[in-house]
Structure formats: structure tokens, C-alpha cells
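For reference, the structure discussed in these notes is given below.
Please treat every number below as a calculation from the coordinates, not as lab data. Given the structure is predicted, the values throughout are model-derived calculations rather than measurements. Note that we place each Cβ from the backbone using ideal geometry, even for glycine, and neighbour counts take in every protein chain shown.
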Amino acid sequence: MRITLLFIGLTVVFLSCQKNDFNISNLNGNKITVLGHGGMGIGHSYPMNSQESILNCLNLGTDGTEIDVQMTKDGVLVAYHDETLDTKTNSTGKIHEKTWDEISDVQYTTPHFNGYRLVRLESLFQNIEHLKEYIFFLDLKNFNTASDTSYYATMLTEVNNLIVEFDLLDNIYVESKNEGSIAALQSINSKIQHFAYAEYEKALQLAEEHKIVGITLPFDELTEERITLLHEKGIMVATFNTHSKKRNIRAVQFNVDFIQTDKVKHLVKILE
Amino acid sequence: MYISGMERTILKAFQLKNLFTFLIFIFTLMDGYSQNSTALRANIVSIEVGGPGGYGALNYERIITIDEQFSLGGKIGFSTVQVIDFTQKFNPDLLIPLSISVYYGKTHKVHLGFGQTISNTVYADQFNGKPSRRTSFHTHFNIGYRYQKQENRFIYGISYSPIIEFQKIFKHWGSIMIGYTF
């Protein structure tokens, strides 16, 4: 009995220590760029898109992070995911209805007692050491659907200003959801790199029509056939929703080019 | 009325002396009660999931028996959120919940109480991104149930324990606990 238990124990230890060997083949120099999903991702005690979450993610050895971007009424770019402040903070309403002064003291409601605050992108980039060593995916979120196009045009201008101010043309990929936003941003600055972020067929169409570098697909939409086809067409693939270790491993096996993970430590470790 | 520096010092000393006397009085009273209740095991160490420590806490509680049904409890706990900060250095958040509660019952007790959680937590400075610390106070309340057989040292409890975070944000919260009396 004791020998059987010892054998089982050693087998478990052996299996848990087994190294994942990946044979990566993609358009990103046969390397997968490890990105956080809004920093440390969904479910971490640092709230997504908070300065603490993003800095923690970068300090864990990732190549960068995805950031959700919204703009205030007075043109300040803020890192925040949800449509309303009600869902994650102690405030109410939408970011585009407020000025920065009105939301600068807004606190995330989890975890208890920490009071992490919203961060503006300009401050965030100023505070990141060795900023140009990292890759950022900016997911532009426009919840101001009632307004005319001037709001979104201003947002794109502010994004361009930010990229130019910090000299991040080679480090930033903007995720765009439709023709309008791709064309508008290309007209402001043709050097900005885009990823189409839509359903597979739509994203492929956008990538081919606008000759953009890649498409972003949720993990559930990845198939080997799709990724092979996209790579053959010279289109890179980014994925998200890898909120388990198993999904991290599977995403790596798919040979995608970028992974925006919710299990940051694990992905860094298996790709070390 | 003008008060000179010397008078102010004397007044302050007098106030301190009063406070000191008051504290001695309270401690003497507590000591008297606790000596009477030694047989009832007046000390509890407990592990709590949820509660005024946030995700959970380790607690020490001193019970003062008033009579067969009523008792008072003073509790201090310790908890944390992040132990390693966002720069990957050991720099833990510190949470210290302090509560007082009134208990009613013998084997089955209901309790009602309130207190303060003192937090000293790490955040990223908005201007330079470096780790900084801030200390804050948060009010909490608790209403709940505890179960302990007279001959058993283990105690079990469940509470509704809402928090007023930073003294302004009301949050529903709760806890379950298991404790050991001695």
C-alpha cells in the first residue's frame, strides 16, 4: 500500500514538473507575444485596467498588455472596460458623460478596502519604465452611440496624439471593429497598426480590404484551419478569453501570434 | 479665556490622567468579569471567511460574561489582500478589523456588533506609478448566529456584516467562521 501511494505521489510530481515544449510557427518570428488582458485579466484581485493591474502584469515579465480605452467628455483617454461606471466602481453613469475631474477620484469597488482608482492613459504611459520595450493593444470602446461622429473622431485624434507623443507607433496595435473606425484612424495617421476585432468572417474581410496586420478572435473562435489560412494570407492572429491554464496551452498550440491572457503568470512561465 | 502654555500643559496632563484613569477602570472591570468567567473559556481564536477583514481574517476575541445569557466580546483581527505588490516586492496590504459585539444565548447565540477596519494598503501613485501606502478607516456592522456546545471548545458562526468602506460606500457582506475557545 505504502509503495503504491509513493508511486502515485511520484507520478503526480513528475507530471506536474513536465515541461511544455511548443513548436511555435507563426508570423510573429515564431514567437508568441504574451499580453495581459486589461493587465492581470478577469478574476484577479487587481481590477482590470487599473494602473496596479497593468504595472503588475508588466512586472511579471509579459511583453505588454491589452488596455480598454474610453474617452471623457473633455477628451481624456481613460482605461476602463464596462459601458457604465456602476458595474465596477462607486460612481454611476458613463465615462463619456463625465469630465476627468469628475471621475479622477472614482474608486473600483473590489477588492474591499483598497480603493484603486481609474487611470488616464497619459499618466499610465508616463509611469511605465522602459515603455518602448512593451507592446500594447488598445481596444477602443465607444459607448457614445447617441452622439454624432465628432465624439469618436476626437477620440481617434486623441489616440493618435498619445501614440505620437510617446513615440509608440511600433508598439501599439489599435483594435478596430468596423470599416469606419479603421478608415478614420488611417486617415489621421496611416502608420498606426490595426487589428480587426469582429466575428471571423467580418474580421477577415476587414483585414483583407484595409490591408491591416491582424485580426483579434476570441478563443472559442480559434480553429487550426482558420489560423493556417490567416497566416497564409499574411494576417496575424491575436486571441483573448484564455481564462484557464488549459486554454493558455491550447492557444499556444494554435500558433497564434498574440495572446491576451487572464492567466498571466502561467503563460509567462510556459513560454519562458 | 486666555490659557498660557504652562496651563495648557497642565490641562493636557490632567486630561491624559483622566483618560489613563478611565482605561484602568475599564481594564479592571474587564479583568473582574473575565476572572469570573474563566471556566467559560473567555478567549477565542478564529478563522473567518469574509467579514470585516475583507476576504477573510485571523481573529482573537475576548469574551466578557455579563450573566447567563448575555456576554460582550472585543475582537481584533488580521488580514491582507496583496502580499506581494505590483512591483513584485514583499509589501503586504494590512487590514486590522476591530469589533465589539453583544451576544445573547447559551449554546445558540445571536450577536449584534459594530467596529472599524483599519486598512493600510498599497497603491500605485498616479504621478509616478511607484508603490505608496494609505491608511483608511471603514465602519462595519455584524448581526449573526453562533453555535457552541458547552463541553466543546469549537465554535461556529455565520454573520451578515455590511461594510461602509472609506466611511462612504455601503457594501453588503457576510462571513462564516470557525473558532477555538480556551
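Structure values in brief
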quantity: Average other protein chain Cβ within 10 Å of Cβ, residues A:130-138; calculated: 0
quantity: Packing-based ranking, highest mean first, of A:34-42, A:232-240 given that Cβ atoms within 10 Å are counted; calculated: A:34-42, A:232-240
quantity: Whether segment B:133-182 is rounded, prolate or oblate, judged on the alpha carbon gyration tensor where a/c under 1.5 counts as rounded; calculated: prolate
quantity: Set of lysines with alpha-carbon distance to residue B:106 below 22 Å, sequence-local pairs under 8 removed; calculated: B:75, B:149
quantity: Under 11 Å, Cβ to Cβ, from residue B:83 - net charge with Lys/Arg +1 and Asp/Glu -1; calculated: -1
quantity: Most fluctuating residue given options A:254, A:113, A:22, as computed from a GNM of chain A linking Cα atoms under 10 Å; calculated: A:113
quantity: Centre separation in Å (Cα based) which lies between segment B:78-145 and segment A:234-261; calculated: 37
quantity: Helical mean residue ellipticity (222 nm; -39500 (n - 2.57) per DSSP H run of 4+; nearest 500) of the protein assembly as shown; calculated: -9000 deg cm²/dmol
quantity: Net charge contributed by nearby residues that have their C-beta within less than 11 Å of residue A:197 (K/R +1, D/E -1); calculated: -1
quantity: Relative pair counts by distance (%), Cα atoms of the protein assembly as shown, 10 Å bins; calculated: 4, 17, 21, 19, 16, 12, 7, 3, 1
quantity: Cα-based shape type of segment A:22-271, given that a ≥ b ≥ c are square roots of the gyration tensor eigenvalues and the cut on a/c is 1.5; calculated: oblate
quantity: Amide proton proximity set for residue A:78, modelled H, under 5 Å, gap of 5+; calculated: A:70, A:71, A:72, A:121
quantity: Under 28 Å from residue A:211, Cα to Cα: lysines that are on another chain or at least 8 residues apart; calculated: A:31, A:132, A:141, A:177, A:191, A:202, A:233
quantity: Net +/- balance of residues flanking residue A:69 in space, Cβ distance below 12 Å, scoring K and R +1, D and E -1; calculated: -4
quantity: Ranked packing of A:258-269, B:138-149, most packed first, by mean Cβ within 10 Å; calculated: A:258-269, B:138-149
